[in-house]
Amino acid sequence: MIGWIVLAVIVLIALAAVQIYNRLVALRNRYRNAFAQIDVQLKRRYDLIPNLVESVKGYLAHERQTLEAVISARNAAWTAGQAAAAHPGEAGAMRNLSGAESALTGALGRLMVLVEQYPNLKADQRMAQLMEELTSTENKVAFARQAYNDAVMVYNTARETFPAVLFATALGFQPAGLFEVSAPAEREAPKVQF
């Protein structure tokens, strides 16, 4: 009789562990998918930036440093994005991506200030279209970041609550890092005004 009770307890513990494992896998996949959505929007942003720079080159020929800073920041952000995509949720990769994105946002902000100083450039139809696409993309990036952070929060909460906390680390479920922006000024998308 005692043997059957011990066996039943072992089976119940095994079933609970399987259920916890499956839930953590589902939540980990959810935050990885959410990061993939950020990655899609960031790639769109990175693709828009060279077109934007090409559009303003003729008008801002004497502002070469600003244009080079934008391209350099874009390349650094793209590289950090690739590293984060290889390890979504890893705190260090997310920190590097956040820093690179902040630098890119700052460089784009400086470019937008320069664009404001050139009425002919502001009136250019292609430039207006690129600016609209960039603004739209910035909004999509912000939304994707929020969805990612929400998914990470649910995952981290699930792995840190009882009884999952007893199994999570042993089963290889590490905490996921949030996509955070550190400086308050970097929390805003570049302002685009015409």
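Each value in this text was obtained by applying a stated rule to the coordinates, not by laboratory testing. As the structure is a computational prediction, the values presented were derived from the model and not from experiment. Don't worry about glycine lacking a Cβ; one is built from the backbone with ideal geometry, like all the others, and counts go over all protein chains shown.
A few notes on this one:
- Amide N of the range 153-170 lying under 17 Å from the label point, which is placed 7 angstrom from the Cα of LEU15 along Cα→Cβ: 163
- Packing order of peptides 69-78, 13-22, highest average first: 69-78, 13-22 (average count of other Cβ atoms within 10 Å over each peptide's residues).
- The helix-only estimate of mean residue ellipticity at 222 nm for the chain, built from DSSP H runs of length n ≥ 4 each weighted as -39500 (n - 2.57), is -27500 deg cm²/dmol after division by the residue total.
- Ranked by how many other Cβ atoms sit within 10 Å of their own Cβ, fewest first, the residues ASP124, ASP150 fall in the order ASP150, ASP124.
- Cα shape, the chain, gyration tensor, a/c 1.5 rule: prolate
- When only the Cβ of Lys, Arg, Asp and Glu is charged (+1, +1, -1, -1), the dipole of the chain relative to its Cα centre reaches about 320 debye.
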